[in-house]
Amino acid sequence: MNQKNIQITDHVCERYIERINPNLQSIRDYNSRLIAAKKAIKAVLQDAKYISDNERGILLRSDTFKCCLIISKRRLITIYSYKPQKESGQ
């Protein structure tokens, strides 16, 4: 999926800062903080792999950044972190 065509809203950037990378809160200027978050989200999109899709959108997962993304109609709907499942050593 070409990330240049995906719209990233300010709400998703704020969620990314709040849930995944709170270090971006140290940037005092709000617009600079959002720009930094958008750059980081674009890096996540580049790394993300297709998992599944349904009527709500496409689910992508980035194992490097340990987060999932849902995209619908060329718009990033949400981003959330996950805990990788441990493989059982039986």
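The values are calculated or read from the model by the stated rules, or taken from the named source; none is laboratory data. What you are looking at is a predicted structure, and each value in this text was computed from that prediction instead of being measured. Positions of Cβ are generated from backbone atoms using ideal geometry, with glycine treated the same way; all protein chains shown enter the neighbour counts.
List of remarks:
- Considering residues of region 71-85 that are free of Cβ contacts under 8 Å to residues at least 60 places away in the same chain and under 16 Å from ASP47 (Cβ atoms) only, the residue surrounded by the most Cβ atoms within 10 Å (Cβ to Cβ): TYR82
- Residue that is farthest from SER72 (Cα to Cα), among those in region 30-47 that are touching a residue at least 12 places away in the same chain (Cβ under 8 Å) and of a type outside the set (A, V, I, L, M, F, W, C): ARG33
- Test for ILE58: is it surrounded by 10 or more Cβ atoms within 10 Å (Cβ to Cβ) and touching a residue at least 40 places away in the same chain (Cβ under 8 Å): yes
- Given (1) at pLDDT below 95; (2) surrounded by fewer than 13 Cβ atoms within 10 Å (Cβ to Cβ), number of the condition SER52 does not satisfy: (1)
- LYS4 passes every criterion in (1) assigned to a helix (DSSP H, G or I); (2) of a type outside the set (Ser, Thr, Tyr); (3) modelled with pLDDT of 95 or more apart from (3).
- Filtered residue count, region 9-29, keeping only those that are of a type in the set (Val, Ile, Thr) and over 14 Å from ILE79 (Cβ atoms): 1
- Residue that is nearest to THR9 (Cα to Cα), among those in region 38-77 that are small (Gly, Ala, Ser) and outside any strand (DSSP E or B): ALA40
- Some residue of region 7-29 being touching an Asp or Glu at 6+ places or on another chain (Cβ under 9 Å), in contact (Cβ under 8 Å) with a residue 24 or more places away in the chain and either surrounded by 17 or more Cβ atoms within 10 Å (Cβ to Cβ) or not in a strand (DSSP E or B) (or both): no
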